[in-house]
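Novice: Provided herewith is a single structure, encoded as structure tokens, for subsequent inquiry.
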Amino acid sequence: VNASGIFQPDKTMYLFISKRFEFSSSHRLFVRNWSDEKNLEYFGRESAGLWGHGHNFEAFFVFNGPVDTSNGMMINVTSIKDKVKPLIDGKYDHKYLNTDTPLFGDVVPTPENVAKGLLTDVRPLFADMSAKPTACHLIESPQSEATAYADGRVERHLWTDFSAARQTYSPHLSQVENKDLFGQAS
């Protein structure tokens, strides 16, 4: 903050920013030289159907880099949109990933591989900029997500909902102490 109380970033300050994109694609999870039974065992119902099944994907691209002290931004979000949207529209949106997106000719288009493919495709678009894409978080469905990182790590996120009843209490406390500490849950 300068003498006038206005925030001014210093040259060493780094920011993270993410930009969300949506696209619709279909895919089939299967390995070509495996039997239908083996594919079903590994991939479940997502291995069935000649043209697979579709998803409305959400992809979040995470960027980081130094702040430009002249404008206070790491990167203009419009630059991200202008570079990434044509790539997604051309290679991923309304495509059958197994055949329409060359990467998946020999690679099973699992959420992990789609996130990794998106990040791999997007990184070169920002080679001339100081802000770089460092991760792609892909949401396939509310129960299925994956995150690919620029260092090669990939995380898979699976959600399962359940309901359970519980009582919160400590056996080391009295009934009154439990009620005071945990309220109605005791």
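Novice: Can you find a residue that is out of contact with any strand residue (DSSP E or B) (no Cβ under 6 Å at 6 or more places or on another chain) and either among the hydrophobic types (A, V, I, L, M, F, W, C) or at pLDDT below 90 (or both) anywhere in the stretch 133-151?
Specialist: No: zero hits.
Novice: When only residues in the stretch 163-182 that are at pLDDT below 90 and exposed (fewer than 10 other Cβ atoms within 10 Å of the Cβ) count, which is nearest to the chain's Cα centre (by Cα)?
Specialist: Within the stretch 163-182, the match that is nearest to the chain's Cα centre (by Cα) is S163.
Novice: Out of curiosity, is T160 touching a His at 6+ places or on another chain (Cβ under 6 Å) and either open to solvent by 10 Å² or more (accessible area, probe 1.4 Å) or not charged (D, E, K, R) (or both)?
Specialist: no
Novice: Follow-up question, since we're still on this one. Say we look at the stretch 44-103 and pick out the residues that are of a type in the set (S, T, Y) and in contact with a strand residue (DSSP E or B) (Cβ under 9 Å, 6 or more places away or on another chain); which of these is farthest from L125 (Cα to Cα)?
Specialist: The selected residue is Y96.
Novice: Would you please name the residue that is nearest to P102 (Cα to Cα), looking only at residues in the stretch 29-53 that are within 22 Å of the chain's Cα centre (by Cα) and open to solvent by 40 Å² or more (accessible area, probe 1.4 Å)?
Specialist: If we take residues in the stretch 29-53 being within 22 Å of the chain's Cα centre (by Cα) and open to solvent by 40 Å² or more (accessible area, probe 1.4 Å), then H53 is nearest to P102 (Cα to Cα).
Novice: Scan A127, A115, A135, A164 and give me the residue that is within 30 Å of W34 (Cα to Cα) and of a type in the set (G, A, S).
Specialist: None of the others qualify; the one that does is A115.
Novice: Which of the residues belonging to the stretch 127-144 are under 15 Å from the mean Cα position of the chain (by Cα) and part of a loop (DSSP other than H, G, I, E, B)?
Specialist: P142, Q143 - these are the residues of the stretch 127-144 that are under 15 Å from the mean Cα position of the chain (by Cα) and part of a loop (DSSP other than H, G, I, E, B).
Novice: Condition test on T147, is it open to solvent by less than 40 Å² (accessible area, probe 1.4 Å), under 18 Å from E22 (Cβ atoms) and out of contact with any Lys or Arg (no Cβ under 8 Å at 6 or more places or on another chain)?
Specialist: yes
Novice: Can you tell me which residue among T147, T120 is assigned to a strand (DSSP E or B), hydroxyl-bearing (S, T, Y) and within 18 Å of the chain's Cα centre (by Cα)?
Specialist: That would be T147, the only listed residue that is assigned to a strand (DSSP E or B), hydroxyl-bearing (S, T, Y) and within 18 Å of the chain's Cα centre (by Cα).
The values are calculated or read from the model by the stated rules, or taken from the named source; none is laboratory data. In this text, all values refer to a predicted model and were calculated from it rather than measured experimentally. Cβ coordinates were reconstructed from backbone atoms using ideal geometry, including for glycine residues, and neighbour counts include every protein chain displayed. Just the protein is used for accessible areas: all its heavy atoms, side chains included, with ligands, DNA and RNA removed. Shrake-Rupley method; radii C 1.70, N 1.55, O 1.52, S 1.80 Å.
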